[in-house]
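The values are calculated or read from the model by the stated rules, or taken from the named source; none is laboratory data. Values in this document were obtained by computation on a predicted structure and should not be read as measured data. Methodologically, a virtual Cβ is constructed for each residue, glycine included, from the backbone with ideal geometry; neighbour enumeration extends over all protein chains shown.
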């Protein structure tokens, strides 16, 4: 029985549902001319940025594609381009619908919470279903055509290099616009957030879409594909001839798609009371259904039951990590409250407190990843499977529910935009309150997704490391050999270096943006009084140009370093490089995502009336923390997943060429 | 020929010179009653803290000593206590003289720069000579008595566990006092730094001594001993019967002592022009002399010449790393100036810029450590020595000039205190300017020492790792095994966790201090007008009590984690724990030391008149950065060296017991 056709069929089903939701959202009413105008401005800005981004990506894809062609032949190069294309298409679908769903959600909010929730969530669902649909479509089609995991690896590399640019570029864009809009608007002129007089407001709204929708989609697309490919490569190498162990991850992904579809259908119950709870319940239901389907799939395919427990370990730990990251970042818990309290002593103590709790927040997620590793390894071994295969499967188990997780995540920026549009177009207080409640639920979903994405990336890169080690036949790393020491040190330095470069890009870019906004308020007469319109397009342009220019150095570093280390110091050193980058990459990613969320919510907690409330000294201190945390959580932190995935994929890709070659000997 | 007697004789010479300098400093004039009073207050506070610290250390030493006795017998336990005692004595001598040299330096400053420089530098020299003297005395005496490196290892463990408490405790103390004094004094009441009306001012001055003199001394004592012991253990294991390879590190340390003595004698030339340059020239001269002596020693002992090149590699890289850390932290270079420039956009951008450059500053030092590793490995191998022996020797080469480096470093807090005393006792503007010039030179020396100490600790823990691997016969780490993955992950989390705990301790403690200072200004009538005296002792008490109480959790973590991981997951996992802690430990230590220095000097650059000067918005923003950087550079950052050294020493110590034992199997 050829299982991969079932995977292909499931991916088509996913895309059909996505297409249906897309049409459904477009059919929703949007009669307000004012709202249409704002929405159109955001759309124009986003489309302009996406056009630039895709042009830049096309250049990168052409250059890297030629290198891949020369090194690995036409099939892998074709798969590489196909991977970039599929990821770009998924991002494009998701963003187009998000750009249309925002004003429609705002309009629907006049009919109450459930109606607005449906528009926003189904809008997000387009992103969720396109990501898993395009990813599984590409992988299963390539596997059916060539029956060679190495070619599917080319697909994964394509998706991953696109994700690096989309995620880091989107992150720089969104924070440039956000900081630029806030520093002049809120701080200097004391006009509200999302005020239409602020020239950077459209760039800011565009940023939410390109950073959070397109960027996050590309990021999870990348981890999702990489985890499946790693298991395929390990399966082909460890179980010679038993093709069901190669097809298993494709089938688990298919099971995840069906579970997400059922989860979406069952979710709307209870929305009226609490949209956040509905989103969480949707995730839990999806997980339960997925566990049942996975058990069925593994039985049907006649696969060792150890595979089921390994998958389950990843699934459970992924959900638990997602929810615990809530403890560090939600204002319902003591940590955010204590950070808010510390703000009373000024900005320095706010920074120090958030910084420290951010560092502590690493611990639970790392312990979770360790548990998933231990349990999946021993579960696999107990039933006679190789332990590494179990660990790799746990990554697939964690990522199988991606369809649901991405849907819930893409919901966030839609309701965030909807709230902004409702405010800018002067809808009633009641409608804005509804939008606010939807937005609060979105923030929680976003925090959970970030923890989930980082943990999943962690297990995925461990799986890729295993695939690399298997391919170059690396049994163990000799940590006393200087080449390995050099490899680990350089690998460990990469994530902090990459973070520093992207953060500096944001401050450089934000500086240019602040100057432009100040210039417009100075030179356009009547702007502050609301009598003249600002030049939105100029701000959108500054954010977009800067973001792409700033990507050149970090992007090149990510692609070139693994190759250079392999050429100079050999395959053991490259193994060290991967190991080093994985460990510090996860640590910095978790630290930055959580501390950023923590500062953000400490500020919101004060704004809600605690510790002196808005305008107090504590609030000013918390705003400083929030601004520091912004590029942590939305630029540097989330790009690190992709950085370590790209480096690992480059390593696995060049692995077959490496055996016994290096300048200084291995 | 028994070389270890020469080492013992050199250590005695070092202590004699230290003793002579001690008496010389005490003989200097100090006739001013006002200065005597201030100096006496600092001395009383410091002595009170040291008494508390040594009491706490005695308890820890008793508990750990009993455990060592039960596990390793009476000889190792005795060596453990002896190690704690020698390190404590070195710290005690160094601090007593520093506490006397400060007012004498201020008085001598009336006779001009060279006279004051001599008092301060010879005062620092007592610390430098006691550290190397006590360390080499202990090691060579134990080696002559027992001829067993494992017993010298006990000595090293004793020194190291004392250093952890002295360094982290001193770091918490000093920053509690500093932040407490600044937040109320400078920020709220706008009275100058070091103003005698501020109740926390004496605690602040005490902090400079207990943190920077006693803490840094214990820290480098620890690395110095550990690097020598690691080479002794490797030498005994790799060169069966060739005892000169075991004695070599002792002889190199002896050569370093003589080089430092010559360097100190030759240094005073050119002081009148530029004290900073004189300090640097002293270091360079010491290094050149040491290189010559090391070559002679290695020839005389009939040792393979590869050992010389390995030693030289460490020495050169150590000096280069020390000086390059200057580029990131000195206001003469673009990075500090750009951070100051960024402060104009507010505190958040100041923080983000300093944070990013701090992360980038990791790179040169890590590249330096990689180069030292590569060169010393290949130099050793080229001449037929085992590569790991070469790498371990490079650590000794780097640390051999410790006598000189610690002298230059201990000079810093003496002149810092002297400046404070000159201001508080109302000496003339000219004298204060002289003290200021001396102080500026001290800051550069301090930055260089920090870079040097971290790099040296890096190579030392690599050497300890090699000694561990040699003892438990660990050829390579299987990074695909879950126990190793768990070990590395937990190891990698330890340094950020430890940093977070110590920083939180500082903010908790500083909060208590701020409340006390506010209370005194509120309740003591006439204090602000200078009519009444504040209760200095109460502030000293708060800082001291808090610092020691806060140490319990991080200290226990450092000692217990290696043992727990070894018991649960076996020797491979413990190897992983060490590797993980070494890599992230160095990264966080470098990041924190350099970003802290960077923020500090960006503030000073603005205070010197750039970017709007004192009182401008940019200055306020830079003060926030400086306050954030304070616990980075003086509490968390410098404690991380000691953390990884303690964990590595625990591992080497328990290594012989580990072979083949663990709960989950290895």
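Scanning the range B:31-49 for residues that are under 15 Å from residue B:98 (Cβ atoms) and surrounded by fewer than 18 Cβ atoms within 10 Å (Cβ to Cβ) turns up B:40, B:44, B:47.
Residue B:23 meets each of the listed conditions (1) surrounded by fewer than 20 Cβ atoms within 10 Å (Cβ to Cβ); (2) under 30 Å from residue B:427 (Cα atoms); (3) in contact (Cβ under 8 Å) with a residue 40 or more places away in the chain apart from (3).
Taking first residues from the range A:198-217 that are within 14 Å of residue A:414 (Cα to Cα) and partners that are outside any helix (DSSP H, G or I), the Cβ contacts under 9 Å between residues at least 6 apart in sequence or on separate chains come to A:204/A:193; A:204/A:194; A:204/A:198; A:205/A:194. Summed over the range A:628-666, the residues that are surrounded by fewer than 24 Cβ atoms within 10 Å (Cβ to Cβ), at pLDDT below 85 and part of a helix (DSSP H, G or I) give a count of 3. A count restricted to the range A:483-507 and to residues that are within 7 Å of chain B (Cβ to nearest Cβ), farther than 30 Å from residue A:238 by Cα and within 24 Å of the chain's Cα centre (by Cα) stands at 8. The conditions of being under 30 Å from the mean Cα position of the chain (by Cα), assigned to a helix (DSSP H, G or I), buried (at least 24 other Cβ atoms within 10 Å of the Cβ) and within 9 Å of chain B (Cβ to nearest Cβ) are not met by residue A:461.
When residues in the range B:577-622 are screened for being within 11 Å of chain A (Cβ to nearest Cβ) and either closer than 18 Å to residue A:581 by Cα or not in a helix (DSSP H, G or I) (or both), 13 of them pass.
The number of residues in the range B:508-539 being within 14 Å of chain A (Cβ to nearest Cβ) and surrounded by 24 or more Cβ atoms within 10 Å (Cβ to Cβ) comes to 4. Helices (runs of 4 or more DSSP H) fully within the range B:316-415 that include at least 1 residues being crowded, with 24+ Cβ neighbours inside 10 Å and more than 14 Å from chain A (Cβ to nearest Cβ): B:334-342, B:387-399.
Just a yes or no: is a residue in the range B:434-446 over 18 Å from the mean Cα position of the chain (by Cα), at positive phi and either surrounded by fewer than 24 Cβ atoms within 10 Å (Cβ to Cβ) or at pLDDT 85 or above (or both)? Within the range B:434-446, none of the residues are over 18 Å from the mean Cα position of the chain (by Cα), at positive phi and either surrounded by fewer than 24 Cβ atoms within 10 Å (Cβ to Cβ) or at pLDDT 85 or above (or both). Screening the candidates A:241, A:292 for the property of being more than 21 Å from residue A:90 (Cβ to Cβ) and at pLDDT 95 or above yields one hit, A:292. Among the residues of the range A:466-482, the ones that are buried (at least 24 other Cβ atoms within 10 Å of the Cβ) and either more than 9 Å from chain B (Cβ to nearest Cβ) or assigned to a helix (DSSP H, G or I) (or both) come to 5 in all. When B:566, B:589 are screened for being touching a helix residue (DSSP H, G or I) at 6+ places or on another chain (Cβ under 7 Å), within 16 Å of residue B:168 (Cα to Cα) and modelled with pLDDT of 90 or more, only B:589 passes.
Considering the conditions (1) over 15 Å from the mean Cα position of the chain (by Cα); (2) within 14 Å of chain B (Cβ to nearest Cβ), residue A:177 is excluded by exactly one of them, (2). Out of all the residues in the range A:555-576, is one or more in contact (Cβ under 8 Å) with a residue 12 or more places away in the chain, within 20 Å of the chain's Cα centre (by Cα), within 30 Å of residue B:489 (Cβ to Cβ) and within 14 Å of another protein chain (Cβ to nearest Cβ)? No, because not a single residue in the range A:555-576 is in contact (Cβ under 8 Å) with a residue 12 or more places away in the chain, within 20 Å of the chain's Cα centre (by Cα), within 30 Å of residue B:489 (Cβ to Cβ) and within 14 Å of another protein chain (Cβ to nearest Cβ). Output the residues belonging to the range B:9-39 that are in contact with a helix residue (DSSP H, G or I) (Cβ under 9 Å, 6 or more places away or on another chain), under 30 Å from residue B:542 (Cα atoms) and in a helix (DSSP H, G or I). Selection gives B:34, B:35, B:36, B:38, B:39.
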